[in-house]
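Data block below; observations after.
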Amino acid sequence: MRWFFLILAIAVVATVYALGPRGAKFSSPPFMLFPDMDNQYKVKAQKPSDFFENGQGARVPVEGTEPLGFKFPVSGEGVGRTDLDFSRGSDYLNTGLFGDFYGKGFPGELTMDAAFLERGRERYRITCAPCHGDSGNGAGVVSKYWAIPPTANLIDARVRDMPEGQIFWTISHGKGLMGPYNGVTSVRDRWAITAYLRGLQAVAGN
Amino acid sequence: MRGLLHEMGNIFPRWTNLLAIKVLVCVGALGTCVIAVAWYSWTPKYTRVGYMPQQPIPFDHSLHAGQLGMDCRYCHTHVENSAHSNLPAAQVCWNCHGPGKVKSDSPKLEPLRQAMDENYENYTGKPIEWVQLHKVPDYAHFDHSAHVNRGVSCVECHGRIDEMPVVYHAKSLSMSFCLECHRNPEQALRPLDQITNLGWKPEDLEPDAFYAYLAGKTGTGADDLKKADEGKVWGQELIGIHLQKAWGVHAPQDCAACHH
């Protein structure tokens, strides 16, 4: 009996020691005793798939084609995604260009109201402010780590005099050292940011 | 006859008198220990919390999201309008870590250069293969946008990511974890512009601005709302109950909401 309890105590201590406490860091995938339907053979967003040759689950449309009658998924109440959010077309709304020239003014498809400007403010804070600063003066947190040249000041006369289309185009495709942001901001958000930027410039008295 | 019985009585020595009890005690003790250990460690609180896989690039959230103050949505751009919260494309990193920018030749960023730098000798053009940590089983449905647009912050389910040099699994994400909040969502709701501010505290909220917002949402005057709350403690519970009512939050508890 005494021996039994001694061995039991040793076994318990050894098991608890080997298992470790809750919350301890470990790097091998979590243990699953019954992984019955946890990992089904289906493709989820951004996940690999061994079915396709290149190992990527996501498919790319065939070059030069546009899906016919395809509706983009719309979700997220309050955000209200619409077709206006996705760039696919060569009109002013989607490119900021009239022919080969940057256009002036905002596209007629968009309604300029307080909510639109508020959206622009929010997106500017998220996407642009790390580099260009909250006020647009080019002194964001990250600009300090940036070697050359100083991140552009968005409230000076040069950018103020740019047509709206050019600012939209710059966000979409980048310029010089600034990379493109078309992958992370929707078409409508890019125009909203442009509108908010106009507001910042006005506040700065330019 | 008597003698025979007497002899038989001696077949079992004295110590066997307690044998059955001893065996019971031992089996009981063993069983208790096994159950206790399983109770403690056979639960998502043990099997998942703390999962911290090695990533191809030692990406540091405490630097980017904490120190540099970048919003989660700079990288996790679709978290508000899709079920899936995406990881950033390599282009997003490249915009800051490209040639002539920040730490562009750091050895830690080797996989990024392989993915993006066409002039680099080891260029492959393949996406960076981040290791996924958080996962609901494929038979349960989870939607980020439903939560994030209803005032549930990232911190409720992912912990203080902005303080983690390496991301780890901070919450169990078990079914009981989901349901605990679905039963009392007011304990978690906060204004929509504070979703990605993981350090937010209810006390930081300005009462006047909050009542003005509620008035706009519900049509009741801000002063009336304020008067009705007199004497109540300003904190998470009060804010949560107001927001729940104003937004008509209904966190489902029926099985089909998550299993369909």
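The values are calculated or read from the model by the stated rules, or taken from the named source; none is laboratory data. Note that the structure is a prediction, hence the values are computed from the model and not measured. Because the Cβ atoms are built from the backbone with ideal geometry, glycine has one as well, and the counts that use them run over all protein chains shown. To get the accessible areas, we keep the full protein, side chains included, count just its heavy atoms, and leave off ligands, DNA and RNA. Shrake-Rupley method; radii C 1.70, N 1.55, O 1.52, S 1.80 Å.
Packing here is the average count of other Cβ atoms within 10 Å per residue, and on that basis the peptides A:23-35, B:156-168, highest first, run B:156-168, A:23-35. Dipole orientation for segment A:113-201: of the candidates A:176, A:131, A:155, A:176 has the Cα lying most toward the positive pole (charges on Cβ; Lys, Arg +1; Asp, Glu -1). Here the simple spin-label model places points 7 Å from the Cα toward Cβ, and for residue A:144 and residue B:218 these points are separated by 4.3 nm. Taking every Cα-Cα distance in segment A:92-204 and sorting them into 10 Å bins from zero, the calculated P(r) comes out as 15, 50, 31, 4 percent. What is the distance, in nm, between label points placed 7 Å from the Cα along the Cα-to-Cβ direction at residue B:206 and at residue B:259? It works out to 4.8 nm between the two label points. Under 5 Å from the amide H of residue A:97 lie the amide H atoms of A:103, each residue being 5 or more positions distant or on a separate chain, with H modelled from the backbone and absent for Pro and chain starts. Can you flag which of B:45/B:245; A:175/B:101; B:45/B:108 are past 21 Å Cα-Cα? From B:45/B:245; A:175/B:101; B:45/B:108, over 21 Å: B:45/B:245; B:45/B:108. Less than 14 Å from a label point 7 Å out along the Cα-to-Cβ axis of residue A:98: which backbone N atoms in segment A:121-163 qualify, by residue? Inside the label zone: A:163.
In chain A, helices alone account for a calculated mean residue ellipticity at 222 nm of -9500 deg cm²/dmol, with every DSSP H run of four or more residues adding -39,500 (n - 2.57).
Counting only Cβ charges, +1 for Lys and Arg and -1 for Asp and Glu, the dipole size of chain B around its Cα centre is about 1180 debye.
How long is the gain from residue B:24 to residue B:62 if the chain were fully straight, where each residue apart is worth 0.36 nm and the alpha carbon distance is subtracted? Length gained between residue B:24 and residue B:62: 8.3 nm.
Within segment A:92-204, what whole-number % of the accessible surface is contributed by carbon and sulfur, with the 1.4 Å probe and all protein chains included in the calculation? Reported share for carbon and sulfur atoms: 61 percent.
Of all aspartates and glutamates in the structure, the ones whose alpha carbon falls short of 15 Å from that of residue A:144, not counting any fewer than 8 places away in one chain, are A:134. What number do you get for segment B:109-202 when its Cα radius of gyration is normalised by 2.2 N^0.38 Å, N = residues? Working it through for segment B:109-202, the quotient is 1.43.
Please give the per residue accessible area of chain A, computed with a probe of 1.4 Å over protein heavy atoms only, in Å².
Numbers: 13000 Å² over 206 residues.
For chain A, the solvent-accessible area averages 63 Å² per residue.
In order along segment A:30-47, the phi-based Karplus estimate (6.51 cos²θ - 1.76 cosθ + 1.60, θ = phi - 60°) of 3J(HN,Hα) comes to x, 6, 10, 7, 10, x, 3, 10, 5, 10, 8, 7, 9, 8, 10, 3, 6, 9 Hz; Gly and Pro are listed as x.
Of all aspartates and glutamates in the structure, the ones whose alpha carbon falls short of 20 Å from that of residue B:171, not counting any fewer than 8 places away in one chain, are A:38, B:60, B:138, B:143, B:156, B:162, B:163, B:180, B:186. Summed over both chains, the accessible area lost when B and A associate is about 4700 Å², using a 1.4 Å probe. Based on Cα atoms of chain A, Rg over Rh with Rh as the Kirkwood radius reads 1.22. As a calculated quantity, the FRET efficiency between residue B:103 and residue B:17 at R0 = 51 Å, using C-beta atoms, amounts to about 0.05. For residue B:173, no residue has an amide H sitting under 5 Å from its own, ignoring neighbours fewer than 5 places away on the same chain, with H placed 1.01 Å from N. Taking a spot 7 Å from the Cα of residue B:43 along the direction of its beta carbon, which residues of segment A:6-23 have an amide N less than 13 Å from it? A:22-23, by backbone N distance to the label point.
Listed by chain and number, the aspartates and glutamates whose alpha-carbon sits under 19 Å from that of residue A:104, ignoring those within fewer than 8 places in the same chain, are A:91, A:113, A:156, A:161, A:164, A:189. What fraction of the Cα pairs in segment B:6-150, stated in percent, has a spacing above 20 angstrom? Here the long-distance tail beyond 20 Å is 69 percent of all Cα pairs in segment B:6-150. Starting from one equal scatterer on each C-alpha and no solvent at all, send me the Debye-based log10 I(q)/I(0) for the protein assembly as shown at q = 0.10 Å⁻¹, two decimals. Listed by q, the Debye log ratios stand at -0.92. Placing unit charges on the Cβ atoms of the charged side chains and taking the dipole of the protein assembly as shown about its Cα centre, the candidate lying farthest along the positive direction among B:12, A:12, B:189 is B:12.
Relative contact order of chain A: 18 percent, from C-alpha pairs under 8 Å at least 6 residues apart in sequence. On segment B:87-239, 53 percent of the accessible area sits on carbon and sulfur atoms, based on a 1.4 Å probe.
For chain B, the membrane-span-like helices by this rule, meaning whole DSSP H stretches whose C-alpha atoms cover at least 27 Å of axis and whose Kyte-Doolittle mean is -1.0 or above, are B:19-41; this says nothing about an actual membrane. Over every Cα atom in chain B, the radius of gyration and the widest Cα-Cα span, Dmax, amount to 28.9, 108 Å.
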